[in-house]
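FYI, it's all coordinate maths here, none of it is from the lab. Source: prediction; values computed, not measured. Here Cβ is always computed from backbone atoms with ideal geometry, including for glycine, and neighbour counts include all displayed protein chains.
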Amino acid sequence: MKKKTNIAIIGTGYVGLVSAVCFAELGNKVIAYDKNKEKIKLLQKGKSPIYEPYLEKLILKNQKKKRLFFAEDINQAVKPSSIIFICVGTPPLKNGEADLSAVEIVCREIAKNLNSYKLIVEKSTVPVQTGLRLERIIKINQGRNVNFDIASNPEFLREGSAIYDFFHPYRIVVGVKTKKAEELLFEIYQPIIKGKFKCPIHPVRDRQKEKVPLIITDINSAEIIKHASNSFLATKISFINALADICEKTGANIKDVAYGMGLDKRIGREFLNAGLGFGGFCFPKDLQAFMRISEKHGYDFKLLKEVERINEERISRAIEKLKNHLRILKRKTIGILGLSFKPNTDDIRFSPALKLIKKLLKQKVIIKAYDPKAMEKSKKELPEIIYCRNPYEAAKNSDALIICTEWQEFQKLNWRKIKKIMKQPFVLDARNMLNKKTMEKLGFEYQGFGA
Ligand code: NAD
């Protein structure tokens, strides 16, 4: 029988909340704290402040089993716990560096409340050498002279499949300085590493039986693994987007090219989807933070600068395509399908859809938008557009319809009906999710990226 561990989670956003719920589901006692009191109040009632498949169900289940608690005071989480995960945000500063102020504040608060040995783990994405800096901050601010360890345990979950990814990761990375820290982290991840737990989502899935590699490194290497992984994936996306432009110029088809490349295992098919580019709270900011930290250490990471440039260009490419078709954008009505930065999440942070809308608004375009989950969050950031109850309302009397996020439900729409209700049947499929021939057969003028 696995030993239960008392775990504190600081920051209940996408990463913290998912980690809290999943560690509780594995049988541990988890106390999560967030400085946002409204969030904590909502969570105490069993309601999730974010949309993520299975999340709310698992919050309720683990609260009922008395394994998951939400605290309004950081002491209540820190004092009884032996492992503390820092999961607060690390947003970009104006110069692109990671803003580590929240991580540092949390470390000072933990330091004041150290009552016995604790393992303090950075799960937030941070630049290399942050762990060492946090260790110094805690030593300086420590109320009592008790032992502690710092570790890095970067998180690789993807929003939209976060619970699944937490339970079935490609690898678990832990950066440690001591054997004790390594053993404690091994202990709590053991069920996942050995594939010996009942997955609450896919109880009979085969992957569950697979062993998950545990990578043990020093703290600096673990921090770099995270930045390097995200930067590499972003590079793949920009690479395929650059290829899409070449395909358009030469009459090749990017979908075939990506398929042909992706079958090579050294390349792989994932992240070779051309379109509007990447967004979200990870890739854009992590790319920038990695460039800045490299610069600080005397390396000019020009490759990543180009990755970022290609990605930013995607929005102008979409506008170019619209202009080629509509000629004049002013006072045209454009329907937008999808606002979140990717499907199955309500997260709109650095969403390419919002970037595109803001540019179109500057050109006096009328925007009617629909998203299955992200409209409430978008209304706060973009109150000036029309929000529709369904995709058909967004399409009605529109001069163009742009698919900005590849939600599955857009694939299954009644496109025949949409053709009839649009003012001009022009679809810009900025995620290449529909079939060009089928759309043209239905009478649409269809444009994707890279063909
Ligand atoms: P988030 O903004 O959703 O959540 C951060 C939470 O921290 C918020 O609820 C905020 O109120 C809380 N917080 C901020 N300062 C605090 C403080 N002083 N004390 C207590 N709580 C505080 O962010 P996120 O998406 O969960 O990301 C968190 C970290 O994980 C970031 O470093 C991010 O790069 C990394 N990460 C994110 C993802 C992802 O898909 N979102 C994946 C892997 C890693």
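Taking neighbour Cβ counts within 10 Å as the exposure measure, how do M291, M375 sort from fewest upward? Display every interim value, and only then the final one.
Values: M291 23, M375 18.
Fewest to most other Cβ atoms nearby, the residues stand as M375, M291.
Length gained on full extension, Q129 to I328: 66.5 nm, using 0.36 nm per residue less the C-alpha separation.
The HN-Hα couplings worked out from phi for the stretch 381-394 by the Karplus form 6.51 cos²θ - 1.76 cosθ + 1.60 (θ = phi - 60°) are 8, 10, x, 7, 9, 8, 9, 10, 6, 7, x, 5, 4, 5 Hz, whole numbers, x standing for Gly and Pro. Most simply put, the stretch 6-217 has about 5% antiparallel DSSP beta bridges, counting only bridges with both residues inside it. Of the trypsin sites (Lys or Arg not before Pro) found in the stretch 66-124, those in coil by DSSP whose Cβ has at most 10 other Cβ atoms within 10 Å are K66, K94. Counting neighbouring Cβ atoms within 10 Å and putting the fewest first, the residues F70, F444, F232 line up as F232, F444, F70. Note on I215 and A252: their simple-model spin labels are 3.0 nm apart, each label 7 Å out from Cα toward Cβ.
For Y170, Y446, what ranking results if the residue with the fewest other Cβ atoms within 10 Å of its Cβ goes first? Final ranking by Cβ density, sparse to dense: Y170, Y446.
Membrane-span-like helices of the chain, defined as complete DSSP H segments with a Cα extent of 30 Å or more along the helix axis and a mean Kyte hydropathy of at least -0.5, are identified as 219-250. With 0.36 nm allotted per residue and the present C-alpha distance subtracted, the R158-F232 stretch has 25.1 nm of extension available.
Expressed as a fraction of 2.2 N^0.38 Å, the rule-of-thumb size for a compact globular protein of N residues, what is the C-alpha radius of gyration of the stretch 251-447?
Values: Rg = 17.6 Å, N = 197, 2.2 N^0.38 = 16.4 Å.
Taking the Cα Rg and dividing by 2.2 N^0.38 Å, one obtains 1.08.
Inter-label distance, E313 to R171: 3.1 nm, where each label sits 7 Å from its Cα along the C-beta direction. Here the scattering of the chain is modelled by Debye summation over its C-alpha atoms, one equal scatterer each and no solvent; at q = 0.07, 0.09, 0.13 Å⁻¹ the log10 of I(q)/I(0) is -0.39, -0.64, -1.21.
Put the Cα centre of the stretch 95-139 next to the Cα centre of the stretch 272-303 and the gap is 23 Å. For the stretch 6-217, relative contact order (Cα pairs under 8 Å, six or more residues apart, normalised by length) works out to 18 percent. Given the Cα-Cα distance of M261 and K65 and 0.36 nm per residue of separation, how much length would full extension add, in nm? Here the answer is 65.8 nm. Taking a point 7 Å from the Cα of K37 along the Cα-to-Cβ direction, the residues of the stretch 76-97 with backbone N closer than 16 Å to it are 76.
Checked against a 28 Å cut-off, the cross-linked pairs K61/K194; K379/K441; K66/K198 give Cα-Cα distances beyond that limit for K379/K441.
The phi torsions of the stretch 69-82, fed into the Karplus equation with coefficients 6.51, -1.76 and 1.60 and a -60° offset, translate into couplings of 10, 10, 10, 8, 10, 4, 4, 4, 8, 6, 4, x, 9, 9 Hz, rounded to whole numbers, with Gly and Pro shown as x. Expressed in Å, the radius of gyration and Dmax of the Cα atoms of the stretch 6-217 are 16.3, 49. Shown is the FRET efficiency for L442 and R389, computed with R0 = 30 Å from the Cβ-Cβ distance and rounded to the nearest 0.05: 0.80. Of the trypsin sites (Lys or Arg not before Pro) found in the stretch 391-433, those that fall in a DSSP loop while having at most 15 other beta-carbon atoms within 10 Å are K412, K423.
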